[in-house]
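Engineer: Structure provided below as structure tokens; questions to follow.
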Amino acid sequence: MNLLFHNIDLHDQDGHKLALALDLANRIIEHSNDSILISLAEPIDRPGPRVVYANETFSKQTGYNQEDIIGNNPRILHGPDTDLATLARIRKGLAAWQPIREEVLNYKKNGEAFWQDLNIFPLPNAAGEFTHWVSIQRDITERKLAEQQIYDLAFLDPLTGLPNRRLFYDRLRQTLLNNARSEQYGALLYIDLDHFKLVNDRKGHATGDLVLQSVAKQLSLCIRAGDTISRIGGDKYIILLDSLGKDSETASFITEAIAKRMLSSFSLAQEDIDHGWSGTFSIGISLFSGDQSRTLEDIVKEADLAMYQAKTMGRNRLQFFDDEMQRANLEKNSRIDILRQALEHNWFVLYFQPQVDQHGTIKGAEALIRLQHPTLGTLLPGTFIPLAESTNLIMQIGHWVITQACQQLALWATQAAFMNCRLSINVSIKQFQHVDFVTHLLGELNKTGANPKLLTLELTESLSLTESSHALEKMLVLKQHGIRFSLDDFGTGFSSLTYLKNLPFDELKIDHSFIVDLTTSPTSVSIVQATIDLGKSLGLTVITEGVETQEQLKLLIRAGCQFFQGYVFYQPLPLEAFEAQLREPTTVTKKAV
Ligand code: C2E
Ligand code: CA
Ligand code: CA
């Protein structure tokens with residue numbers, strides 16, 4: 001007999017005992033917090049009446065009353081998202097007269113979905129034959145929702161609802177394993193939106209978020225069921241295409257078609273244009289098969305590199321990773337290494353190119369950086385500044401230049417021949433935009449005691465500078481200390497005039513590209529003349545760089561240019577040579593005007 005009836009005193013009066021026991025069982029069943037169903041143990045697939053008993057909790061939980069369920073099949077609880085595999089397992093258990101424990105998504109009478117923990121077991125009669133099934137059903141919806149929330153937090157990107165980096169890497173790892181078995185190709189697409197930063201800058205982050213969500217939706221429409229898309233941070237998405245066939249040609253053909261569909265589907269999205277986004281992006285693609293020679297990180301890196309290549313080639317395009325890129329990447333890494341070593345071992349030096357007036361008198365100099373490599377010799381900034389700018393190394397290099405310039409000005413201040421010498425330094429926009437720029441520069445000036453009035457910062461045009469109000473604030477703060485600003489490479493950008501209008505420059509530096517053909521091109525003469533007039537009318541100092549010949553110089557003097565920098569006077573000079581020129585302006589290196 002059951003333990004329950006052994007342990008409870010049911011007043012041992014024959015005849016009453018069974019009735020009491022039954023009454024007790026009844027009460028327990030009726031008061032249970034779980035739904036309890038008892039149905040006839042017929043073959044599971046037979047239609048017709050099945051349920052013979054349902055407790056009250058069942059009605060409360062499901063909304064089905066006694067008439068609805070008695071004589072019916074528990075199948076009435078199933079709905080569109082009830083998992084078929086779970087149902088198949090249940091059926092298998094029933095067929096084998098096995099106890100069953102499953103979690104299943106069922107539906108209430110009003111259509112609302114809810115999770116149940118099912119505990120089903122067969123009930124034998126006195127002869128040991130199974131005659132009924134008992135099904136105890138617990139509502140576990142809350143727990144399931146909590147689990148889902150934990151899963152979402154751990155594996156989904158909250159903004160777009162897409163799998164996050166962690167889940168994506170898990171899937172990629174699984175795909176690589178599967179592909180090793182099936183010998184199928186897969187592809188990894190690395191997507192980066194073009195000029196997305198402008199959306200955030202111009203329209204604010206809330207609009208930026210809308211664009212990111214809409215991109216997630218549109219990209220999802222372009223891929224096939226079974227492919228995975230993920231946002232792995234910022235405006236970067238990554239897509240995993242699986243089962244692309246067993247040869248690389250087919251795989252690249254399918255991948256290219258999908259990537260092209262993505263590119264074209266976006267150029268039409270008016271909504272994004274309204275949000276200030278160009279609607280274009282760059283896609284880098286890396287194909288992979290199951291071969292074990294590349295790690296998961298390798299594949300992601302390759303797609304990333306290909307994406308950068310797509311950016312370099314003009315954006316709004318797709319680019320497959322190839323060996324050439326691999327080589328270029330290795331080379332880039334070794335050049336980055338050189339920059340790191342240069343910082344560590346102090347291989348950088350400043351050269352000084354004199355800036356002179358109409359009479360050839362030196363008024364100051366532009367500091368131009370060089371990298372003196374122990375085996376490669378002297379490297380010009382054109383070979384490493386762009387690389388430094390594309391990594392964060394420009395910050396350290398920029399700091400070094402500022403420190404050197406301040407120390408130099410402080411040293412010159414102690415000697416009569418040098419004390420009035422101005423010094424211009426080039427400041428990368430990225431460096432200028434850093435939050436610490438002003439503090440750092442003022443700190444160095446303070447530390448060295450250099451006179452800020454002798455320091456000029458050369459900035460080149462960049463869209464992000466005019467867009468950001470901080471640029472203006474920073475310039476105003478620094479100008480209060482007497483620091484001057486020069487607009488470098490004037491005329492080569494696309495918004496020179498906006499620049500001059502919005503930012504308080506002191507000097508305008510005409511780019512040497514207008515000087516090269518000055519003697520042959522009337523257009524260049526007109527542009528230079530107009531620029532000089534404009535600069536003067538705005539009260540700016542005008543200096544021309546890249547002046548190489550006497551003819552150019554004469555034309556410029558006639559046009560009213562006040563200051564000059566170029567080979568016709570001096571090349572950039574090492575410190576000692578420059579100081580020699582300042583001390584004794586008539587030595588041989590100075591060329592006659
Ligand atoms: P930039 O600011 O336009 O500097 C002028 C460049 O023109 C220098 O090249 C200079 O050597 C060269 N130059 C001077 N006179 C003549 C001439 O008569 N004819 C010709 N054809 N060229 C002339 P450099 O030193 O190779 O510098 C190249 C660029 O590297 C600079 O262009 C500047 O943008 C960048 N740069 C140099 N030093 C620094 C630095 O300390 N920091 C940063 N961020 N950039 C720097
Ligand atoms: Ca410059
Ligand atoms: Ca320049």
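Read-outs: derived from the displayed coordinates by stated rules, not from any lab. Remember, predicted model here, so these are calculated numbers, not experimental data. When we count neighbours, we look across all protein chains shown, and the Cβ atoms used for this are built from the backbone with ideal geometry, even at glycine.
Engineer: Let me have the relative contact order for the chain, percent, based on Cα pairs under 8 Å that are six or more residues apart.
Structural biologist: Values: 961 pairs, mean separation 46.4, N = 593.
In percent, rounded to a whole number, it is 8.
Engineer: Express the relative contact order of the range 506-573 as a whole percentage, based on alpha carbon pairs under 8 Å and six or more residues apart in sequence. Spell out each step's value before the answer.
Structural biologist: Values: 94 pairs, mean separation 24.6, N = 68.
Reported as a whole number, the value is 36 percent.
Engineer: Sort F130, F564 so the one with the fewest other Cβ atoms within 10 Å of its own Cβ comes first.
Structural biologist: Working: F130 12, F564 26.
So the ranking, lowest neighbour count to highest, is F130, F564.
Engineer: Could you tell me which of the pairs K217/K430; K203/K260; K453/K509; K203/K479 are separated by over 21 angstrom between their Cα atoms in the structure shown? Mind dumping the intermediate values first?
Structural biologist: Values: K217/K430 33 Å; K203/K260 28 Å; K453/K509 18 Å; K203/K479 30 Å.
Check vs 21 Å cut-off fails for K217/K430; K203/K260; K203/K479.
Engineer: Still on this structure: Distances over 45 Å make up what percent of all Cα-Cα pairs in the chain? Please list the in-between numbers first.
Structural biologist: On the way: 82390 of 175528 pairs.
So the portion of pairs separated by more than 45 Å is 47 percent.
Engineer: Another one. Once both labels are modelled 7 Å past Cα along the beta-carbon direction, what's the Y53-N178 spacing in nm?
Structural biologist: A separation of 4.7 nm, rounded to one decimal place.
Engineer: List the aspartates and glutamates whose Cα sits under 15 Å from the Cα of K554, skipping any in the same chain fewer than 8 residues away.
Structural biologist: D357, D517, E545
Engineer: Looking at the square roots a ≥ b ≥ c of the eigenvalues of the Cα gyration tensor of the range 473-516, which shape do they give, rounded for a/c under 1.5, prolate if a/b is larger than b/c, or oblate? Spell out each step's value before the answer.
Structural biologist: Numbers: a/c = 3.88, a/b = 1.88, b/c = 2.06.
Oblate shape, in that a/c is at least 1.5 and b/c is the bigger or equal ratio.
Engineer: Moving on to the next point. What is the distance, in nm, between label points placed 7 Å from the Cα along the Cα-to-Cβ direction at E142 and at I527?
Structural biologist: 7.4 nm
Engineer: Can you give me the C-alpha center-to-center distance between the range 398-440 and the range 164-192, rounded to a whole angstrom?
Structural biologist: 50 Å
Engineer: Still on this structure: For S264 and E102, what is the calculated FRET efficiency with R₀ set at 41 Å and r taken between the beta-carbons, to the nearest 0.05? Walk me through the intermediate numbers first.
Structural biologist: Details: r = 46 Å, r/R0 = 1.13.
The formula returns an efficiency of 0.35 here.
Engineer: Which value in nm describes the separation of the simple spin-label points at A328 and N33, placed 7 Å from the Cα toward the beta carbon?
Structural biologist: Taking the simple label geometry, A328 and N33 are separated by 6.4 nm.
Engineer: Next up: What do you get for Rg/Rh over the range 122-225 if you use C-alpha atoms and the Kirkwood form of Rh?
Structural biologist: On the way: Rg = 23.6 Å, Rh = 18.7 Å.
Using only Cα positions, Rg/Rh for the range 122-225 is 1.27.
Engineer: Taking 25 Å as R0, compute the FRET efficiency from the Cβ-Cβ separation of I150 and D117 and round it to 0.05. Write down the numbers at each step before the final one.
Structural biologist: Details: r = 18 Å, r/R0 = 0.72.
For I150 and D117, the calculated efficiency is 0.90.
Engineer: Here's something else I'd like to know. Within the range 62-107, which chymotrypsin sites (Phe, Trp or Tyr not before Pro) sit in a loop by DSSP and count at most 14 neighbouring Cβ atoms inside 10 Å? Write down the numbers at each step before the final one.
Structural biologist: Numbers: sites: Y64, W97, Y107; in loops: Y64, W97.
Qualifying residues, ordered by number: W97.
Engineer: Per DSSP H run of n ≥ 4, the term is -39500 (n - 2.57); total these for the chain, divide by its residue number, and report the mean residue ellipticity at 222 nm rounded to 500 deg cm²/dmol.
Structural biologist: -14000 deg cm²/dmol
Engineer: While we're here: How would you classify the range 174-284 from its alpha-carbon gyration tensor, with a ≥ b ≥ c the square roots of the eigenvalues: rounded for a/c under 1.5, else prolate if a/b is greater than b/c, otherwise oblate? Spell out each step's value before the answer.
Structural biologist: Numbers: a/c = 2.97, a/b = 2.22, b/c = 1.34.
It comes out prolate by the Cα gyration axes.
Engineer: Now, a different point. Could you tell me which of rounded, prolate or oblate describes the range 357-429, using a ≥ b ≥ c as the square roots of the eigenvalues of the alpha-carbon gyration tensor, with rounded for a/c under 1.5 and, failing that, prolate when a/b is larger than b/c and oblate otherwise? The partial results should precede the final answer.
Structural biologist: Values: a/c = 2.05, a/b = 1.86, b/c = 1.10.
Prolate, since a/c reaches 1.5 and a/b exceeds b/c.
Engineer: On full extension of the chain, what length is gained from D68 through A580, given 0.36 nm per residue of separation minus the C-alpha to C-alpha distance? Mind dumping the intermediate values first?
Structural biologist: Working: separation 512, 0.36 × 512 = 184.32 nm, distance 10.55 nm.
Net length gain for the segment: 173.8 nm.
Engineer: Here's a follow-up. When DSSP beta bridges are limited to those with both residues in the chain, what percentage is antiparallel, rounded to the nearest 5? Let's see the in-between values first.
Structural biologist: On the way: 61 of 86 bridges.
Here the share of antiparallel DSSP bridges comes out near 70 percent.
Engineer: Continuing with the same structure: Rounded to the nearest 0.05, what FRET efficiency is calculated for T414 and L476 with R0 set to 25 Å and r the Cβ-Cβ distance? Let's see the in-between values first.
Structural biologist: Numbers: r = 31 Å, r/R0 = 1.23.
Calculated transfer efficiency: 0.25.
Engineer: Report the full-extension gain for the segment D298 to V516: residue separation times 0.36 nm, less the Cα-Cα distance, to one decimal in nm.
Structural biologist: Numbers: separation 218, 0.36 × 218 = 78.48 nm, distance 4.61 nm.
Extra length available between D298 and V516 comes to 73.9 nm.
Engineer: Which value, in nm² and rounded to one decimal, describes the direction-averaged projected area of the C-alpha convex hull of the range 262-402? Show your work: numbers first, answer last.
Structural biologist: Working: hull surface 58.1 nm².
Computing the convex hull of the Cα atoms and averaging its projections yields 14.5 nm².
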